[in-house]
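Here's the structure we're looking at; comments come further down.
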Amino acid sequence: MPRQEAMTHTIIIETKDEKDFELIKGLADRLGLSVKEEHEEELLEKQKAAFKNLVGSWVGDETGDELAARIHSARNDAPRDVQL
């Protein structure tokens with residue numbers, strides 16, 4: 001009979017207090033299960049770091065005011081004839 005490979009199952013358990021968290025984690029440890037823990041504060045910090053990596057600036061010949069004026073003047077705010 002061929003040997004079947006073990007399948008990994010993942011369960012996400014959200015606890016609201018430290019006591020419940022330690023109870024669940026202790027049970028998993030006693031059962032010999034691997035435990036990966038992430039805390040909300042850590043996730044928030046990771047999200048902030050990722051956001052900061054995406055946000056940036058560039059060097060250009062125009063000042064911020066000049067760029068804003070250029071964007072404003074390029075707008076097309078003329079009324080359009082729309083038939084509904």
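What to note about this one:
- Qualifying positions in the stretch 32-48 - at pLDDT 85 or above and either aliphatic (A, V, I, L, M) or in contact with a Leu (Cβ under 6 Å, 6 or more places away or on another chain) (or both): Leu33, Val35
- The residues of the stretch 63-81 that are modelled with pLDDT of 85 or more and either aliphatic (A, V, I, L, M) or in contact with a strand residue (DSSP E or B) (Cβ under 6 Å, 6 or more places away or on another chain) (or both), listed by number, are Leu67, Ala68, Ala69, Ile71, Ala74.
- Residue check for Asp20: modelled with pLDDT of 85 or more and out of contact with any helix residue (DSSP H, G or I) (no Cβ under 8 Å at 6 or more places or on another chain): yes
- Output for the stretch 38-64, where each listed residue is surrounded by 10 or more Cβ atoms within 10 Å (Cβ to Cβ) and either assigned to a loop (DSSP other than H, G, I, E, B) or among the hydroxyl-bearing types (Ser, Thr, Tyr) (or both): Glu62
The values are calculated or read from the model by the stated rules, or taken from the named source; none is laboratory data. Worth saying up front: this structure is predicted, and the values here are computed from it rather than measured. Cβ atoms come from the backbone with ideal geometry, glycine included; neighbour counts cover every protein chain shown.
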